[in-house]
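Q: Dropping a structure here in structure tokens format, bear with me for questions.
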Amino acid sequence: MGVRAPRYTSFPSALHFNEQVTAADYAARLRDIALYEPLSIYVHVPFCKQLCWYCGCNMRVENDYGRALRYVEAAASELRLVGEALGGAGRPLAVHFGGGTPNYLKVEEIAAL
């Protein structure tokens, strides 16, 4: 091909993030989801034990497992907030864990999420 293309790690891409979408806008969009609309959930685990030379992901080498536990608590809290905003709407069809290295977490932490 010989053509350089961007590497997308999110949609919309980070270049399109802005402050114009508020928490209220986000909650309103969640409320608009139809009762049985299919959903996919992505949980980003940004921790690794070491840096891989090819990695372009949002991650950090972390030796303090307490930081990972605090992250799991925050992610679980966010998932609860989204669940409350959905009010029973939506139907999760898939849950994806990415990172970083998702298996940096213990099975119990992944199960808690």
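The values are calculated or read from the model by the stated rules, or taken from the named source; none is laboratory data. Everything numeric in this text was worked out from a predicted model, so none of it was measured. Virtual Cβ from ideal backbone geometry, glycine too; neighbours counted across all protein chains shown.
Q: Restricting attention to the stretch 78-92, does a residue exist that is in contact with a strand residue (DSSP E or B) (Cβ under 8 Å, 6 or more places away or on another chain), among the small types (Gly, Ala, Ser), modelled with pLDDT of 90 or more and closer than 30 Å to Pro38 by Cβ?
A: no
Q: Now, a different point. Could you run through the stretch 44-65 and say how many residues are of a type in the set (Gly, Ala, Ser) and surrounded by 10 or more Cβ atoms within 10 Å (Cβ to Cβ)?
A: Of the stretch 44-65, the ones of a type in the set (Gly, Ala, Ser) are 56.
In the following step, the residues that additionally are surrounded by 10 or more Cβ atoms within 10 Å (Cβ to Cβ) were identified as none.
Number satisfying all stated conditions: 0.
Q: So, of the residues in the stretch 97-113 that are surrounded by fewer than 16 Cβ atoms within 10 Å (Cβ to Cβ) and among the small types (Gly, Ala, Ser), which turns out to be nearest to Tyr71 (Cα to Cα)?
A: By that ranking, first place goes to Ala112.
Q: Tell me which of these Ser77 doesn't satisfy, since it passes every other one: (1) farther than 16 Å from Leu113 by Cβ; (2) exposed (fewer than 11 other Cβ atoms within 10 Å of the Cβ); (3) without any contact (Cβ under 8 Å) to a residue 40 or more places away in the chain.
A: Of the numbered conditions (1) farther than 16 Å from Leu113 by Cβ; (2) exposed (fewer than 11 other Cβ atoms within 10 Å of the Cβ); (3) without any contact (Cβ under 8 Å) to a residue 40 or more places away in the chain, the odd one out for Ser77 is (1).
Q: What pairs come up if the first residue lies in the stretch 8-22 and is more than 15 Å from His44 (Cβ to Cβ), the second is surrounded by 10 or more Cβ atoms within 10 Å (Cβ to Cβ) and modelled with pLDDT of 75 or more, and their beta carbons are under 9 Å apart, counting only those six or more places apart or on different chains?
A: Val21/Arg29
Listed here are the residues, each with its yes/no results for (1) in contact with a helix residue (DSSP H, G or I) (Cβ under 8 Å, 6 or more places away or on another chain); (2) under 15 Å from Leu113 (Cβ atoms).
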residue	(1), (2)
Glu19	no, no
Tyr42	no, yes
Lys49	yes, no
Arg67	no, no
Glu73	no, yes
Gly100	no, yes
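Q: Next question, about the same structure. When the residues of the stretch 82-94 are narrowed to those that are surrounded by 13 or more Cβ atoms within 10 Å (Cβ to Cβ) and of a type in the set (A, V, I, L, M), which ends up farthest from Ala27 (Cα to Cα)?
A: Checked the stretch 82-94; the qualifying residue farthest from Ala27 (Cα to Cα) is Ala89.
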